[in-house]
Amino acid sequence: MVFRDRNLNCSGETGGKRKKDKIEVIDQWTKQYGKVFGYYIGETPFMMVTDVDLIKECFIKEAQTFHDRPRFPLNAEPFSSGLLLLRGDEWKGVRAKLNLCFSAAKMKLVMPILDLCTNTFMEVLDDHVANNRAVTIDVAAQALSLDVISKSALALQVDCQKHPEDPLLQAIRGFFRQEQNFAIQLTIAFPILSKFFSLIYPITQHGKLIDRIVENVRAVIALRKGNKTARTSDMVQAMLDVQAETSEDNSQKRTVLLEDRHVLGNSFLFVTAGFDTTASSLTFTVYCLAKYPEHQEKIYDELAKTIPNGEDFTYDNIREMKYLDAVVNESLRMYPTVALFIGRMCEKDVTVRDHIIPAGTNIMVPTWQLHHDPELWSDPWEFRPDRFLQEDFNPAAFLPFGLGPRICIGKRFALLEMKMALCKMLRKYRVSLSETVCEPLKLAIPTSLLFAQDGVSVKLEPRKA
């Protein structure tokens, strides 16, 4: 029997997660109840799973049954037309078309944007070094992330890297760092309230900000469709190209069309799914490299062999850097940005590996616990990139981008951005932790994403020519 009265409800320990350390609470649950157990939040059933065989079964083999993500309280545009919230056949059709936007060929087309933004990132670092200042790397990484998103997905030209007071950066940072919102928690417990929450969202301060950005993207779409502006190789154009190509092939209306609302919604997917995830991942990777400097030198040596000084960074030569890839993966294992849960919803009553799972149950995989399970990872608290060179791990135990058909569509883009920034930084500088960084690093999960609570400050030492 999976589901029992465990006193894990809105008035019990789940509510307590707002006051306690979330990771600690989930650790306590998994130790007390095991690798598979069920609980309720209000009227909604949840099943927490750390059994990798059951995870693989649900997320891959039975993916048709566990197809959609748990319902999100906010069901308003532009978010409701993005991949995170789309469901069923509409998700399947839109995802198939958007996969074309994230091919290797498309990634090569956006390299100039990444090159431009990471060059600005380096100018910011150079300014700190010239003025003998430490770099608050999480702040710099957020500005880089928003710069990339603005130029590639929102068709906005911002200067947030050199002007950290940029209002868009401040607004988005505040949105992601706010503590758990009671209204959101209430609608998770009682889904019937979701309609009311979605209805009032457009008149909220955040809703009005999003609406202004939506109008800008909508205007850009109209200009580009009317051939009234120069062609730009960004993700908006990639989606419009796919929209045009697939519309011509869809004369008999047999598949889901990529509509303008999908283009708008998935432009915002970059913000909701790509802003703090990429910035936080880059921050933790720099932290690990500063704490374990021997890995910096290995990456520097690999850089010298793979991309000699003076040679341009390309999609292909960055992908050749296996040790850099291992370091990034090990950082993502130790500090997964989506540290709480990867979730899927069960569409029908089903029995999986002797577990009876009722329809409507949300399967929740606690990423942090999975990534630090000593049964799955030898010495899980040690930073050991070599484990990814040896591929000595169960793929279902490593979920920084999810698993199965709904794995993060922007994985390739996010990794490319991170690696380009790291390559440029390590080619020019050695990185060390500032004296202001307290060990062990204090972690926080204000909403669902992992952050360094007090930030990460690093010192940069120029390498000798």
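The values are calculated or read from the model by the stated rules, or taken from the named source; none is laboratory data. What you see is a predicted model, and the numbers here were worked out from it, not measured in a lab. Neighbour counts run over all protein chains shown; Cβ positions are idealised from the backbone, glycine included.
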Helices (runs of 4 or more DSSP H) wholly in the range 27-130 with at least 3 residues that are more than 30 Å from D354 (Cα to Cα) and touching a residue at least 24 places away in the same chain (Cβ under 8 Å) - which ones?
-> 88-99, 104-109, 111-130
Please determine, by comparing only the residues of the range 294-320 that are of a type in the set (D, E) and part of a helix (DSSP H, G or I), which one is surrounded by the fewest Cβ atoms within 10 Å (Cβ to Cβ).
-> E294
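Determine if the range 239-255 includes at least one residue that is in contact with a Ser or Thr (Cβ under 9 Å, 6 or more places away or on another chain), modelled with pLDDT under 80 and either part of a helix (DSSP H, G or I) or surrounded by fewer than 18 Cβ atoms within 10 Å (Cβ to Cβ) (or both). Break it down stepwise before answering.
Here is the first cut: in the range 239-255, the residues in contact with a Ser or Thr (Cβ under 9 Å, 6 or more places away or on another chain) are 239, 246, 249, 255.
Restricting the remaining residues to those that are modelled with pLDDT under 80 gives 249, 255.
Going one step further and asking which of them are either part of a helix (DSSP H, G or I) or surrounded by fewer than 18 Cβ atoms within 10 Å (Cβ to Cβ) (or both), we end up with 249, 255.
Yes, because at least one residue in the range 239-255 is in contact with a Ser or Thr (Cβ under 9 Å, 6 or more places away or on another chain), modelled with pLDDT under 80 and either part of a helix (DSSP H, G or I) or surrounded by fewer than 18 Cβ atoms within 10 Å (Cβ to Cβ) (or both).
Go through the range 100-134 and give me each residue that's basic (K, R) and farther than 16 Å from K151 by Cα.
If the condition is that a residue be basic (K, R) and farther than 16 Å from K151 by Cα, then R133 is the only one that fits.
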What about E391, is it on the phi > 0 side of the Ramachandran plot, modelled with pLDDT under 95 and either out of contact with any Phe, Trp or Tyr (no Cβ under 8 Å at 6 or more places or on another chain) or not aliphatic (A, V, I, L, M) (or both)?
-> yes
Pairs, please: C-beta under 7 Å, at least 6 apart or cross-chain, first residue under 11 Å from K424 (Cα atoms) and in the range 295-313, second surrounded by fewer than 11 Cβ atoms within 10 Å (Cβ to Cβ) and among the aliphatic types (A, V, I, L, M)?
-> none
Across (1) modelled with pLDDT under 90; (2) among the basic types (K, R); (3) touching a Phe, Trp or Tyr at 6+ places or on another chain (Cβ under 8 Å), R71 clears everything bar (3)
When the range 196-232 is checked residue by residue, the ones that are in contact (Cβ under 8 Å) with a residue 60 or more places away in the chain and within 18 Å of V158 (Cβ to Cβ) are I210, V214, N216, V217, V220, T232
